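Worksheet: the structure to be examined is printed underneath.
Please treat every number below as a calculation from the coordinates, not as lab data. Note that the coordinates shown come from a computational prediction; the quantities given were computed from them, not determined experimentally. Positions of Cβ are generated from backbone atoms using ideal geometry, with glycine treated the same way; all protein chains shown enter the neighbour counts.
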Amino acid sequence: MNTRKRIGLWWLLTILCFGGLAVAPQGCGTLDPQGVYQADKVVYSAELTIVTSQEIAGSFLKWERDNRVLLNNPDLKKFADKVRVEGKKALQSAIAANEAYKVAKTPEHATALEATLAVVRSLMKEAQLWMAKSATL
């Protein structure tokens with residue numbers, strides 16, 4: 001197996017084991033009312049998405065930089081640059097929206113938070129797809 005396929009396979013396995021958390025539904029379990037989230041699934045889900053997305057973005061950007069010459073794909077470089085700029089802004093917006101929701105748990109704040117998280121999830125899903133696609137090249 002050549003180096004390119006091994007790198008791609010390693011990243012595909014990483015994505016399957018770790019990356020799906022950012023885009024997966026959060027389930028129907030219950031949170032402890034006395035716990036850190038005080039049974040608030042909106043905050044729990046938001047923070048899980050934010051933290052996981054930060055990990056995915058960092059892994060994706062490192063992977064892209066480390067393999068840029070090997071992959072030789074201008075579209076991938078363009079998307080990585082988009083993640084560097086727009087991903088950072090989207091994560092900052094999601095963090096701000098999450099903090100605003102924690103202060104005032106209104107339907108409007110919940111809607112704004114979900115909208116910012118949707119942008120983050122979309123970028124991270126595309127990053128995961130880029131890494132998965134490279135495993136099949």
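From the cross-link list Lys105/Lys125; Lys82/Lys102; Lys41/Lys105; Lys41/Lys125; Lys88/Lys133, which pairs have alpha carbons spaced over 19 Å apart?
Pairs exceeding the cut-off: Lys105/Lys125; Lys82/Lys102; Lys41/Lys125; Lys88/Lys133.
Please report the net charge: other residues with Cβ closer than 15 Å to the Cβ of Phe60, K and R +1, D and E -1.
Here the charged neighbours net out to +4.
Using +1 at the Cβ of each Lys and Arg and -1 at the Cβ of each Asp and Glu in the range 66-136, identify which of Met124, Leu70, Ala96 lies farthest towards the dipole's positive end.
The residue sitting farthest along the positive end of the dipole is Leu70.
Counting Lys +1, Arg +1, Asp -1, Glu -1, what net charge surrounds Ala80 among other residues with beta carbon under 9 Å of its beta carbon?
On the way: positive: Arg65, Arg68, Lys77, Lys78, Lys82, Arg84; negative: Glu64, Asp81.
Around Ala80, the charge tally is +4.
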